[in-house]
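The values are calculated or read from the model by the stated rules, or taken from the named source; none is laboratory data. Just so you know, these numbers come straight off a predicted model, no measurement behind them. Glycine also receives a Cβ, built like all others from the backbone with ideal geometry; neighbour counts cover every protein chain displayed.
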Number of protein chains: 2
Amino acid sequence: MKIGIVGIGLIGASLGWDFRQMGHQVIGVSRQLATCETAEREGICDRASCDLASLRATEIIFICTPIAAIVPTIELLIPHLDPATIITDAGSVKGAIVDRATELWPNFVGGHPMAGNSESGIAAFEKGLFADRPYVLTPILQTAPVALERVAELVRSLNCMIHYATPVQHDLAVAWISHLPIMVSASLIDACLHEADPTILDFAKKFASTGFKDTSRVGGGNPEMGMMMAEHNRDALLRSLYQYRDRLDMVIDSIETKQWTEIKDLLSTNQAIRPDFINCSALEQDA
Amino acid sequence: MKIGIVGIGLIGASLGWDFRQMGHQVIGVSRQLATCETAEREGICDRASCDLASLRATEIIFICTPIAAIVPTIELLIPHLDPATIITDAGSVKGAIVDRATELWPNFVGGHPMAGNSESGIAAFEKGLFADRPYVLTPILQTAPVALERVAELVRSLNCMIHYATPVQHDLAVAWISHLPIMVSASLIDACLHEADPTILDFAKKFASTGFKDTSRVGGGNPEMGMMMAEHNRDALLRSLYQYRDRLDMVIDSIETKQWTEIKDLLSTNQAIRPDFINCSALEQDA
């Protein structure tokens, strides 16, 4: 199959590598010439250029740009494509994209590969990044069934766990498990930095160990990406943040009133329930 | 040197192993006979029993019990010990322990090895657990200088990074980097579980990936230990929780009022500052 990839960052490059390994032909497009050169040299793409017209003869195109560039990229692609071409995306927010993209291109299928690492850009690409990881497809009533089936077939070949959700369901769920954790985690370092005594802050930095490292990790990731998730999934994120603030207030109240069994019950529930949120392959990496 | 260890869990057993490797003689005491048997069989202690009197001839005793048992253990030890014996502890809170323990035993030195993993108990013991990790000693005015120097010398031989802090400084600092993260992390799963739509909760569980895993980890740890940290470091923890809630409110306000550059600035500061909190050996493990 002839596959196009627009945006050769962590996700685009990792998709390209895996598809080429399976024998597909991969044509890449990036805004940066240096990225195109790297993509060809590393064997991520058969050919890569800055020219969207190079995707004319592809059968499926994966748009792996930042969220804000997805719909504009489709608009720029349209003049070059045969109407049978299927377009899918890798955006981490779907409500803001799928309706508009489907209006523009009836053969559009919303997608979200839920894989990544703490890096970004082509240099961070990983072979087999998507294996055993969730890959969400978000069809709507207007989605062409044949396009959906072809995207699913290709994605399944990456050994992902495919899930189907509406864009709204997807956005509410990722607000809980992806966007809320970023804000919760970011507020942790932010709070520490407001320690008024510089000696205490200095000790805190020296004493911080794996617990602090893990809890602060996603809040210390790519700022542009975190901001875009908040901007494009604002309502669902606020809904999760309000609930989180309520639960945090309960914790504070329990500690203020010395209800230690309430704290222990909370932590016991967490310990019991957390494995439900962690799939097997993720648990294996648990320290 | 003849070293005693009371409480042969993760910390006590890992200390025992390392000390024996260096040629010291290690006598262990646990409330549970099965733990004593494991300790002897695994080479963690030369001898282990349930009898505190077995520590009579030791030169330094490490009390590695849960926080609440540290001072009571010293009271029980006193009748058996020569006054020259040095006692130190491994409690993760110091203000609640050091003054009282020093009153009881002038050769007491407060300590806190800042190492661990996600497990607890003797089965979780690790060889070389303390190497390159912070080990805080918390002398007070009444601490015997010779006792402090001997504990420091022994601890240094574990290849730890030794830090000296007052009990108050220690407790304020660990509230930031250890106890606050537990409550922040625990409130995350708690908030998710209050999602009213079971379909969304189910998707959240299925979609959760490494970001959620890391942010929820310390909140899913040992409930008893988390509760005791909160109970014995209540004031410092509340101080950190209030600051955290203020910062979270700022994040919520920025999102409500669509101040996206404020969110980006927050995340950029986090990205820039986080390495200050993460020592080199911890960064190597960063995914």
Report task. Evaluate the following for B:A175: is it assigned to a helix (DSSP H, G or I), within 30 Å of A:T138 (Cβ to Cβ), in the same structural domain as B:A230 (by TED's automatic domain parsing) and of a type in the set (G, A, S)? Result -> no
Query raised in the report: If the Cβ limit is 8 Å and pairs must be 6+ apart or interchain, which residue in the stretch B:139-151 that is more than 17 Å from B:Q169 (Cβ to Cβ) and not assigned by TED's automatic domain parsing to the domain that holds B:I86 pairs with which residue that is charged (D, E, K, R) and not in a loop (DSSP other than H, G, I, E, B)?
Result: none
**Report entry** Residues satisfying the stated conditions in the stretch B:178-190, i.e. at the interface with another protein chain (Cβ under 7 Å from one of its Cβ atoms) and over 13 Å from B:Q243 (Cβ atoms)
**Finding:** B:S178, B:P181, B:S185, B:A186, B:S187, B:L188, B:I189, B:D190
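For (1) closer than 22 Å to A:E262 by Cβ; (2) under 18 Å from the mean Cα position of the chain (by Cα); (3) of a type in the set (A, V, I, L, M, F, W, C); (4) surrounded by fewer than 22 Cβ atoms within 10 Å (Cβ to Cβ), each residue gets a yes or a no:
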site: B:Q142; (1), (2), (3), (4): no, no, no, yes
site: B:I162; (1), (2), (3), (4): no, yes, yes, yes
site: B:T166; (1), (2), (3), (4): no, yes, no, yes
site: B:P181; (1), (2), (3), (4): yes, yes, no, no
site: B:K205; (1), (2), (3), (4): no, no, no, yes
site: B:L248; (1), (2), (3), (4): yes, no, yes, no
Query raised in the report: Given the structure, is A:D197 of a type in the set (D, E) and at the interface with chain B (Cβ under 7 Å from one of its Cβ atoms)?
Result: no
Requested in this report: Kindly indicate the residue of the stretch A:209-238 that is in a helix (DSSP H, G or I) and of a type in the set (D, E, K, R) and also nearest to B:L201 (Cα to Cα) among those meeting that condition.
Outcome: A:D235
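Working carefully through the options A:T257, A:T199, A:T261, A:T210, find the one that is modelled with pLDDT under 95, farther than 30 Å from A:L137 by Cα, of a type outside the set (A, V, I, L, M, F, W, C) and not assigned by TED's automatic domain parsing to the domain that holds A:I140.
Result of the check over A:T257, A:T199, A:T261, A:T210: A:T210.
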Query raised in the report: What is the residue count in the stretch B:193-208 for residues that are outside any helix (DSSP H, G or I) and either among the charged types (D, E, K, R) or touching a strand residue (DSSP E or B) at 6+ places or on another chain (Cβ under 9 Å) (or both)?
Result: 3
**Report entry** Matching residues in the stretch B:228-237 - criterion: being facing chain A (nearest Cβ under 7 Å) and surrounded by 23 or more Cβ atoms within 10 Å (Cβ to Cβ)
**Finding:** B:A230, B:L237
Report summary line: Scanning the stretch A:154-177 residue by residue, those facing another protein chain (nearest Cβ under 7 Å) and either hydroxyl-bearing (S, T, Y) or in contact with a Pro (Cβ under 8 Å, 6 or more places away or on another chain) (or both) turn out to be A:H163
Query - Which numbered condition A:T38 misses (of (1) part of a loop (DSSP other than H, G, I, E, B); (2) touching a residue at least 40 places away in the same chain (Cβ under 8 Å); (3) more than 28 Å from A:R156 (Cβ to Cβ)) - result: (1)
Requested in this report: Quick one: count up the residues across the stretch A:63-89 that are over 20 Å from A:Q142 (Cβ atoms) and touching a helix residue (DSSP H, G or I) at 6+ places or on another chain (Cβ under 9 Å).
Outcome: 8
Query raised in the report: In this structure, is A:T102 within 27 Å of B:S209 (Cα to Cα) and in the same structural domain as A:E149 (by TED's automatic domain parsing)?
Result: no
Query raised in the report: Considering the stretch A:270-280 alone, what residues qualify as being within 7 Å of chain B (Cβ to nearest Cβ), under 17 Å from B:V218 (Cβ atoms) and surrounded by fewer than 19 Cβ atoms within 10 Å (Cβ to Cβ)?
Result: A:Q271, A:I273
Requested in this report: Working only within the stretch A:73-87, note down all residues that are in contact (Cβ under 8 Å) with a residue 12 or more places away in the chain and farther than 16 Å from A:I8 by Cβ.
Outcome: A:I74, A:E75, A:L76, A:I78, A:H80, A:L81, A:D82, A:P83, A:A84, A:T85, A:I86, A:I87
Report task. Check whether at least one residue in the stretch A:209-220 is crowded, with 24+ Cβ neighbours inside 10 Å, in contact with an Asp or Glu (Cβ under 6 Å, 6 or more places away or on another chain) and not basic (K, R), and report yes or no. Result -> yes
**Report entry** Residue list for the stretch A:238-266, restricted to those being facing chain B (nearest Cβ under 7 Å), more than 13 Å from B:A191 (Cα to Cα) and of a type outside the set (D, E)
**Finding:** A:I252, A:I255, A:W260, A:I263, A:K264
Report summary line: Matching residues in the stretch B:111-138 (surrounded by 15 or more Cβ atoms within 10 Å (Cβ to Cβ), more than 12 Å from B:G91 (Cα to Cα) and of a type outside the set (D, E, K, R)) number 10
